[in-house]
Amino acid sequence: MQSRRLVVGAAMFTVLVASAPLLSAQDPMPGMPGMHDMPKPDTMSAMAMPMMSGALGIPMDRMASGTTWIPDAVRLPSRHVAAGEWDVMMHGFIFGQYDAQGGPRGDTQFGSLNWAMLMATHKVAGGIFQARTMLSLDPLTVGGRGYPLLLQSGESYGGAPLHDRQHPHDFLMELGAIYERAFSPDIAWSLYAAPSGEPALGPVAFMHRPSAMDIPTANITHHWQDATHISFGVLTGGLFTRWAKLEGSVFNGREPDERRWNIDPIRLDSYSGRLTANPSAHWSLSAGFGYLHSPEGLHPEESMHRATASILHGTRVGTDGQWSTALIWGANSHAGQTRTTHGALVESEAVLDSRNTVFGRVEYVQKSGEELVLDTQAELPTGVAAFGRDRVFDVESLALGYIREVGHWKWATIGLGAEGALNVVPTALEDVYGSRTPFGGMLFLRLRPRRAQMEDMKGMPAHAQH
């Protein structure tokens, strides 16, 4: 099974490298100005970089997962190509990794984490229309149970809750469209509809956050913060200015089931609202609240309220780099229960130059005996008694990593990286995890599009270069 996952991962890797020459070098480099500082449309035709702005002149690259915003000063690595009057963007990552998580609840695995996104943007009826899709082969390359990750929880496999593993993403992570149009020079509206998409609730999903884009593992606070990034049925309306956005969503509150290749039944049974502010090019702040109807298939009688807040910061580093940091909090309150559990993280990634990247993440989260599957004797080591399902434990994780780019093409780059995570559990869980500080780690190769470098800018007007 592991050899098959490696073969599939290698095949995806080969396809992306082979297709790279078809993608023109048109992603904005960290040294480029924002869209509002770019040349007028009559000079854009002379440039090698056709970047379409959204309503009110806001750069489309500000939008990350779903309808979330990131700071304008940083960018996700992507490639743009003009197809007639359409601006087509491709964005994605492929990791080929060896994952080793220690202790009685740990495991090892060779696998591949991967996703690819395609967006097509066009001016329609006085506004901007964008169609998008996002796909992942995780169900095949890490299997139905996902990959080992100590202290992770959420979703299920084989009718049992997952623990100490991160579930795979669904094949169809996103399929949707958004339309934006200005009411006036200062205010605009938007409508986002998706059979599979992300409601206006949490922060930017971890694989789209500039502070986490090169971190191969998910955050263990995922189901307190950004887990709704795959919801089967989303409808979001918004009003926004150049620096603030207010949104409301109706969506499917049920988490994706373990059949990862299909579209789950589409429902609009939950709701949320979110306020986002980008006071400058370097900051993005958001807060959201939502009601999730029956989120867990194993406990359909339970619903939940979730509150989230995030602060994202980004700045350029030299000619080729950028530094991004995120502070995120989330809280879950289950209907019919008095307890509210909290999860918080601080993460940061510094792309130091075209060759070196460092990243780190610190997390704290409160997880119940049910969420960590400590309430069933079958899941515990011999001699360890089961804990009550409602007992809450404070757990922490500190992860650090480094990536060295070992291969460069004009359109893509491959990096060799390592991540280590020191986890901390309370004394009560020492026997369960074999230590109060169980360790996990990952070695990986990472392939992604390459940001535009100065040599890619030849032929552009001098005033458009950094």
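Could you name the aspartates and glutamates in cross-link range of Lys123, using Cα to Cα under 17 Å and dropping any fewer than eight places away on the same chain?
List returned: Asp42, Asp61, Glu85, Asp87, Glu180.
Counting only Cα atoms, I'd like the Rg/Rh figure for region 357-449, Kirkwood definition for Rh.
That ratio equals 1.17.
Of Leu150, Ala326, Thr133, which is farthest on the positive side of the dipole of the chain, counting Cα position, with +1 on Lys and Arg Cβ, -1 on Asp and Glu Cβ, and the Cα centre as origin?
Thr133
Let's test the formula: R0 of 30 Å, r as the Cβ-Cβ distance of His122 and Trp243. What FRET efficiency results, to the nearest 0.05?
Computed FRET efficiency for His122 and Trp243: 0.75.
Using only the alpha-carbon atoms, how far is helix 2-19 inclined from the longest principal axis of the chain? Give it as 0 to 90 degrees, nearest 10.
10
If amide hydrogens are placed 1.01 Å from N in the peptide plane, which non-local residues have theirs closer than 5 Å to the one on Asp269?
Here the answer is Phe251, Asn252, Gly253, since their amide H atoms fall under 5 Å of that of Asp269.
Once fully extended, how much extra length lies between Leu275 and Leu235, figured as 0.36 nm per residue of separation less the alpha-carbon to alpha-carbon distance?
Computed gain between Leu275 and Leu235 is 12.8 nm.
How big is the dipole moment of the chain about its Cα centre under a simple scheme where the beta carbon of each Lys and Arg is +1, that of each Asp and Glu is -1, and everything else is neutral? Debye, nearest 20, please.
That gives the chain a dipole magnitude of about 920 debye.
Pop a pseudo-label 7 angstrom from the Cα along the beta-carbon direction at both Ile311 and Tyr402 and give the gap in nm to one decimal.
For the pair Ile311/Tyr402, the computed spacing is 3.0 nm.
Between Thr376 and Trp189, what length in nm is gained on full extension when 0.36 nm per residue of separation is reduced by their alpha carbon distance?
Answer, rounded to one decimal: 62.4 nm.
Tabulate in residue order the Karplus-calculated ³J(HN,Hα) for region 421-429, using 6.51 cos²θ - 1.76 cosθ + 1.60 with θ = phi - 60°, rounded to whole Hz; enter x for Gly and Pro.
10, 9, 9, 10, 10, x, 4, 4, 9
Sticking with the crude label model, points 7 Å out along Cα→Cβ, report the distance from Ser333 to Ala83 in nm, one decimal please.
4.6
Which value at 222 nm does the chain reach when only helices count, each DSSP H run of 4 or more adding -39,500 (n - 2.57), with the total divided by all residues and rounded to the nearest 500 deg cm²/dmol?
-2000 deg cm²/dmol
Can you work out ³J(HN,Hα) from phi for every residue in region 145-154, in order, using Karplus 6.51 cos²θ - 1.76 cosθ + 1.60 and θ = phi - 60°, giving whole Hz and x for Gly and Pro?
Rounded to whole hertz, the list is 8, x, 10, x, 7, 4, 6, 7, 8, x.
With each label point set 7 Å from Cα along the Cα-Cβ vector, what nm distance links Arg391 and Tyr179?
Label at Arg391, label at Tyr179, 5.5 nm between them.
Using DSSP, restrict attention to beta bridges with both residues in the chain and report what percent are antiparallel, rounded to the nearest 5.
Here the share of antiparallel DSSP bridges comes out near 100 percent.
Please give the FRET efficiency for Ala428 paired with Ala131, using the beta carbon to beta carbon distance and R0 = 51 Å, rounded to the nearest 0.05.
Computed FRET efficiency for Ala428 and Ala131: 0.50.
Here, each number is a calculation from the coordinates, and none is a lab measurement. All of these numbers come straight from a predicted model, not from anything done at the bench. No Cβ is skipped: glycine too gets one built from the backbone with ideal geometry, and neighbour counts run over all protein chains shown.
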